[in-house]
Amino acid sequence: MKPMKTPGVYIVEKNAFPNSVVQVATAVPAFIGYTEFALNGNKSLRDVPWRISSLAEFHSYFGVAPAPLFDLVKSDGKASEDPSELSAEGTAQKDPLPSALLQLGADSYELQQKSTAYTLYGAMRLFFQNGGGPCYIVSIGSYDDEIDGDRMLRGIKLLEKETEPTMLVIPETTRLSRANAVKVQQQMLMHCGERMKNRFAILDIFGGYRDRQDPKGDPVATFRNDVGINFLDYGAAYYPWVNTSVYQARNFSFENFTVDGRKELITLLKASLDPTGKNADKFVVPFQEIDWIADGAIAGAAEGEAPTPESVDKTLRAIVPLYNDVLNEMTARMNCMPPAAAMAGIYTMVDATRGVWKAPANVSLNSVTAATVNISHDDQEDLNVTPQGKSINAIRPFVGEGVLVWGARTLDGNSLDWRYINVRRTMIMLEESLRLASKAYVFEPNTASTWVTIRSMIENFLTGIWKQGGLAGAVPADAFSVHVGLGETMTPVDILEGILRVTVLVAISRPAEFIEITFQQQMQKS
């Protein structure tokens, strides 16, 4: 108050309460990947972290799904080499899945994807179908670009300027070569654990659609060996991949085949209708429509006489079962996805309904029909508890319950401090909330008055978290304690150097991962 020089009455207002701490958002993932376009009106969004809150907004700013191109190739009955084995070196793989084998008539065929297998769009649909909400998209290229690990690293760098994201997901790391996938995932962990310290990485396992006993290698053991040992408490991984219902067979048609693939398809469709080749006169109309597939167009016919691609597709679905079989296999391949995006949606849903302190496990996955590998109780033992501590969370089917997330550990599974995902994410929330609230006291007098105010502010916030179930303890004193003051957290030298130290101890609730029920017989009493 300025000095009083004129007689009169002066009103002085004083704040009675300390500043409040606002809990920061806990479930705002950032996705990095390739999109159809990246535009806000006429302004480019390429390499710009952009916040959206729905799939409709994604369509508006980043477009729709890519149109995959497949080929049908005669096979000797053995699938081609696994792309994940062939791409240990190099830049990227067009398709991470081995060719699918189809028995069409007397011959075997391979269904091979020839276009680059972009996966961000499918991942976004899976994210929103599992409870996803606001998120950030970093578009690093279009469907005309090759998938490149260096662009992903640049996208991670761009997120350093954004404070809101709390999770990091890059679905297309599984489309890189193994060497580049490792490099990107290690940078994801470093970004979360060293540079930002306020977000959590959800990683996909390279080749995670394969069984661990696959003769071509154990994908889990390979992932554990590749990921290293740094910042493991800031990340989690899930195994295996999942078969989803994101795409439907109606989303694809003969137009999703290459020119050579269409020619092979024409031969197969005609053979399926007339195996002997002696009754072609009975199938004149369908044969005519099948012939249009060659170019996927209606050129060369009189106006009004040529069928449209849509009508040809509809006719073939109705009268040629083999056509439906081929499209169903194509759909199944497109629906085989890594689970990280779905888990980002699960984290968001659990945070919204139960709180960030609830472990994101024992929850069913939406739009997931099955896991690519059926894990048993014994199979999960090595996933969950391993001497190296690199825990991998299982996705398992249970009879009558669907496909459930059956694990809640970070990659740092041997750490008593950071073993559980909810513990790490709760601590991130507490640290970030208190950091932002305490900025109001920078350059305030380093005296007892300021210390008491800060202590009250933090205690009020933690009491609210305790009441919601985020901290363990019968009373607040058991759940947390706040220490600040000269002789308690600071020395006179600290005060002379302008340092104000606050120590906060919290007892974060941990999940009941193992429940043991003991039965014992007793003597008959009556």
- What does the charge add up to near W418, with Lys and Arg as +1, Asp and Glu as -1, over the other residues with Cβ less than 14 Å from its Cβ? +3
- Message: Please report the spacing between the Cα centers of segment 151-194 and segment 334-391 in Å, no decimals.
- Response: 20
- Note on the structure: HN-Hα couplings for segment 111-118 via Karplus (6.51, -1.76, 1.60; θ = phi - 60°), in whole Hz with x for Gly/Pro, come out as 9, 10, 7, 9, 7, 5, 8, 5
- Could you work out how far the C-alpha centroid of segment 1-68 sits from that of segment 437-472, in angstrom? 24
- CD proxy, 222 nm, the chain: helix-only mean residue ellipticity via -39,500 (n - 2.57) per DSSP H run with n ≥ 4, per residue, nearest 500, stands at -10000 deg cm²/dmol
- Tell me, how many Å apart are the Cα centres for segment 499-514 and for segment 248-267? 57
- Query: Once both labels are modelled 7 Å past Cα along the beta-carbon direction, what's the E160-T503 spacing in nm?
  - Reply: 3.3
- C-alpha long axis of helix 309-319 to longest principal axis of the chain, angle in °: 70
- Query: Remind me, relative contact order of the chain in percent, using alpha carbon pairs under 8 angstrom and six or more residues apart?
  - Reply: 16
- Rank the residues T386, T353, T426, T174 as a footprinting-exposure proxy: fewest other Cβ atoms within 10 Å of their Cβ go first. T353, T386, T426, T174
- Query: How many nm is it between the label spots at K43 and T258, if each spot is 7 Å from the Cα in line with the beta carbon?
  - Reply: 4.2
- Calculate the all-directions average of the projected area of segment 442-506's alpha-carbon convex hull, and give it in nm². 4.5
- Query: Which length gain, in nm to one decimal place, applies between C336 and D145 when the Cα-Cα distance is subtracted from 0.36 nm times their residue separation?
  - Reply: 66.5 nm
- Mean Cα-pair separation over length for segment 442-506, i.e. relative contact order, pairs under 8 Å, 6 or more apart, %: 31
- Work out from phi, with θ = phi - 60° and the Karplus expression 6.51 cos²θ - 1.76 cosθ + 1.60, the ³J(HN,Hα) of each residue of segment 359-371, listed in order in whole Hz, and give x for Gly and Pro. 4, x, 9, 6, 10, 7, 9, 7, 6, 10, 8, 6, 8
- Message: Quick check: the angle from helix 120-129's long axis to the longest principal axis of the chain, C-alpha only, nearest 10 degrees?
- Response: 60
- Item | Across K358/K467; K161/K390; K161/K439, pairs whose alpha-carbon gap is larger than 20 Å | K161/K390
- Note on the structure: For M167, other-chain or 5+-apart residues with amide H closer than 5 Å (H placed, Pro excluded) are V28, A30, F200
- Tell me which residues come under 5 Å, amide H to amide H, from S99 once H is placed; ignore anything under 5 positions away on its chain. S80
- Note on the structure: Applied in sequence order to segment 451-468, the curve 6.51 cos²θ - 1.76 cosθ + 1.60 (Karplus, θ = phi - 60°) yields integer Hz couplings, x standing for Gly and Pro, of 5, 5, 5, 5, 4, 4, 4, 5, 5, 4, 5, 5, 4, x, 5, 4, 5, 7
- Task: Would you please give the FRET efficiency between V73 and F514, computed as 1/(1 + (r/R0)^6) with r the Cβ-Cβ distance and R0 = 30 Å, to the nearest 0.05?
- Result: 0.05
- Query: Which residues' amide hydrogens lie under 5 Å from the amide hydrogen of A370, considering only partners 5 or more residues apart or on another chain, with H built in the peptide plane?
  - Reply: N243
- Query: So if R0 is 60 Å, what FRET efficiency would D211 and F17 give, r being the distance between their Cβ atoms, rounded to the nearest 0.05?
  - Reply: 0.50
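Computed from the coordinates by the stated procedures, all read-outs in this text should not be read as laboratory data. Source: prediction; values computed, not measured. Using ideal geometry, Cβ is built from the backbone for each residue, glycine included, and neighbour counts are taken over all protein chains shown.
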